[in-house]
Amino acid sequence: QVQLVESGGGLVQPGGSLRLSCAASGFTFSNYAMRWYRQGPGKERELVAGISSGGGTTYADSVKGRFIISRDNAKKTVYLQMNSLKPEDTAVYYCFAFYLRGYWGQGTQVTVSS
């Protein structure tokens, strides 16, 4: 069955870094565009970053220059390297896979606080 399992979240101080991972199984990973979304407290879910099956990337303006999305098709994993973290980056981060249909992961909590 299809699974997307996020990991790497946690508590980090402002200015710190985290790397999120999303391990996929149950579908042909290399065919799928992959995205990271987040939902902060009291906010709507928003797109953070995306990477196409061909490796093209896109970022929300709020994270450009700080976050990097990448993928390893051999490991069926997508990553989100998050640098210079700010308190406003606090959210549950979700992995999303899309080709002919979409699949969501369960989310991982990221808290940026001193």
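Key figures for this structure:
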read-out	value
Estimated distance in nm for a label pair at N73 and Q13, the labels positioned 7 Å out from Cα along Cα-to-Cβ	4.1 nm
Gain in span if fully extended, L100 to E88, counting 0.36 nm per residue against the direct Cα distance	1.0 nm
The chain: most fluctuating residue of L11, L47, L20 per GNM, C-alpha cutoff 10 Å	L11
Hits among aspartates and glutamates - C-alpha to C-alpha of K76 under 15 Å, sequence gap 8 or more where chains match	E6
All lysines inside 22 Å of K43 as judged from Cα atoms, apart from same-chain residues fewer than 8 positions distant	K64, K86
Beta bridge orientation in the chain: antiparallel %, DSSP, nearest 5	95 percent
Per residue, in Å², the accessible surface of the chain once ligands and nucleic acids are set aside, probe 1.4 Å	52 Å²
By accessible area with a 1.4 Å probe, ligands and nucleic acids excluded, highest first: order of D61, D72, D89	D61, D72, D89
Linear extension gain, T28 paired with R66, 0.36 nm per residue minus alpha-carbon span	10.7 nm
Summed side-chain charge close to D61 - residues other than D61 whose Cβ falls under 15 Å, Lys, Arg +1, Asp, Glu -1	+1
Summed side-chain charge close to V92 - residues other than V92 whose Cβ falls under 13 Å, Lys, Arg +1, Asp, Glu -1	-1
Net charge of neighbours whose Cβ lies under 14 Å from the Cβ of R19, counting Lys and Arg as +1 and Asp and Glu as -1	0
Karplus (6.51, -1.76, 1.60) ³J(HN,Hα), θ = phi - 60°, over region 53-69, in Hz, Gly and Pro reported as x	4, x, x, x, 10, 9, 9, 5, 4, 5, 10, 4, x, 10, 10, 9, 9
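The values are calculated or read from the model by the stated rules, or taken from the named source; none is laboratory data. Please read all numbers here as calculations on a predicted model, not as lab measurements. Note that we place each Cβ from the backbone using ideal geometry, even for glycine, and neighbour counts take in every protein chain shown. For accessibility, only protein heavy atoms count, side chains too; no ligands or nucleic acids. Shrake-Rupley method; radii C 1.70, N 1.55, O 1.52, S 1.80 Å.
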